[in-house]
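Report on the following structure.
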Amino acid sequence: MSFKFESLLIWQKAMDLGEVVNSMTLKFPDREKFNLSSQMSRAADSVALNISEGSIGQSGPEYRKFMGYAIRSLAETVTCLYKADRRECITKSEFSAVYDASFNLMNMMTAFKNKIK
C-alpha cells in the first residue's frame, strides 16, 4: 500500500530537491542560519508538502490550488537560491545544479497542474 502522491514523479523530485537544499543550507554562514537558510529550507520542503496535501481526497479545483502553492514555493526557493548566490553562501556549481533541477521541476509541475480537471 502507498499514498497516491508517492508514485508522482513531481513529488519524488520535490523530495530530492528538499534534501539537496537542506544539505546546502547547512553550510551557510552563521549570519544566515536563522534567515536565508531557514527560509530556503522551508520553501523547498513546502513544494513536496503541497503536492502531497493536494493529492489526498481533493476536488480538481482544490488540487490545482495546492499545485499552485507548490509552484509558488518553488519560485520562492529559486529566489532564495539567487540570494544565496549574491551573498556568496553557495558555489556557482551549486547554484547551477539547484537552478536546473528547479527549472525542470517547475516545467513538470506546471504541465501536471494543467492536466488536472
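Summary of values
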| item | result |
| --- | --- |
| Tyr82 being touching a helix residue (DSSP H, G or I) at 6+ places or on another chain (Cβ under 6 Å) and among the hydroxyl-bearing types (Ser, Thr, Tyr) | no |
| Filtered residues of region 74-86 (kept if surrounded by 15 or more Cβ atoms within 10 Å (Cβ to Cβ) and under 15 Å from the mean Cα position of the chain (by Cα)) | Leu74, Glu76, Thr77, Val78, Cys80, Leu81 |
| So Leu49, is it within 15 Å of Asn104 (Cβ to Cβ) and open to solvent by 80 Å² or more (accessible area, probe 1.4 Å) | no |
| Subset of region 8-19 that is hydrophobic (A, V, I, L, M, F, W, C) and more than 15 Å from Ser73 (Cβ to Cβ) - its residue that is most open to solvent (accessible area, probe 1.4 Å) | Leu9 |
| Positions within region 87-102 being free of Cβ contacts under 8 Å to residues at least 12 places away in the same chain and surrounded by 11 or more Cβ atoms within 10 Å (Cβ to Cβ), in sequence order | Thr91, Ser96 |
| Residue in region 63-73 that is open to solvent by 60 Å² or more (accessible area, probe 1.4 Å), touching a residue at least 24 places away in the same chain (Cβ under 8 Å) and of a type in the set (Lys, Arg) present | yes |
| Candidate set: region 20-37, residues that are surrounded by 14 or more Cβ atoms within 10 Å (Cβ to Cβ) and not hydrophobic (A, V, I, L, M, F, W, C); chosen: the one farthest from the chain's Cα centre (by Cα) | Glu32 |
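The values are calculated or read from the model by the stated rules, or taken from the named source; none is laboratory data. Given the structure is predicted, the values throughout are model-derived calculations rather than measurements. Here Cβ is always computed from backbone atoms with ideal geometry, including for glycine, and neighbour counts include all displayed protein chains. Keep in mind that these areas ignore ligands, DNA and RNA; they rest on the heavy atoms of the full protein, side chains included. Shrake-Rupley method; radii C 1.70, N 1.55, O 1.52, S 1.80 Å.
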